[in-house]
Amino acid sequence: MGNKTKGLLALVGIGALAYWKYKNSSEEDKQMVKDKINTAKDNFNKWGNDLKDKANNAASQVKDKANDVASQVKDRANDVASQAQNKAEDLKSKTQEAIS
């Protein structure tokens, strides 16, 4: 038998033992097990929601930063284009003065 088979058999055996123990336990013990399972489920759901909120916040921050950088790049490109246009107009006027 391979390790996977042995592991699977052990898991099935543990499950069968847990089921038998639960089946033969008192109502108080059964309720205690149910309460533990419900608490674990609630904690797991809370953890999942917290993780989802953190991921959404991180994504929002990245999106905001990307928009800021894009805006800065656009502004800088407009400044460079404006400076180039001003230089071109200056050269044009100097050329016309030199011709005249």
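Compute the helix-to-body angle for 3-23: its Cα long axis versus the longest principal axis of the chain, expressed 0 to 90° and rounded to tens. Result, in degrees: 60.
Inter-label distance, Asp64 to Lys6: 5.5 nm, where each label sits 7 Å from its Cα along the C-beta direction. Extension gain for Lys94 to Gln72 (0.36 nm times residue separation, less C-alpha to C-alpha distance): 4.6 nm.
Between the helical axis of 27-99 and the longest alpha-carbon principal axis of the chain there is an angle of about 10 degrees. Spatially, segment 1-75 and segment 81-98 are offset by 67 Å when compared through their Cα centroids. Counting only protein heavy atoms and a 1.4 Å probe, the chain has 93 square angstrom of accessible area per residue. Within the set (1) 78, 14, 10; (2) 42, 23, 12; (3) 77, 20, 4, the number that semi-axes √(5λ) of the Cα gyration tensor in Å takes when calculated for this structure is listed as (3). Hey, quick one: spin label on Tyr22, modelled 7 Å out along Cα-Cβ, who in segment 37-58 has an amide N within reach, i.e. under 12 Å? Residues 37-38 fall inside that zone. Put simply, segment 1-57 fits an ellipsoid with semi-axes of 31, 23, 4 Å; these come from the alpha carbon gyration tensor as the roots of five times its eigenvalues, largest first.
The values are calculated or read from the model by the stated rules, or taken from the named source; none is laboratory data. Given the structure is predicted, the values throughout are model-derived calculations rather than measurements. Quick reminder, even Gly has a Cβ in these numbers, built from the backbone with ideal geometry, and neighbours come from all protein chains shown. Ligands, DNA and RNA are excluded from the accessible area calculation, which covers all protein heavy atoms including side chains. Shrake-Rupley method; radii C 1.70, N 1.55, O 1.52, S 1.80 Å.
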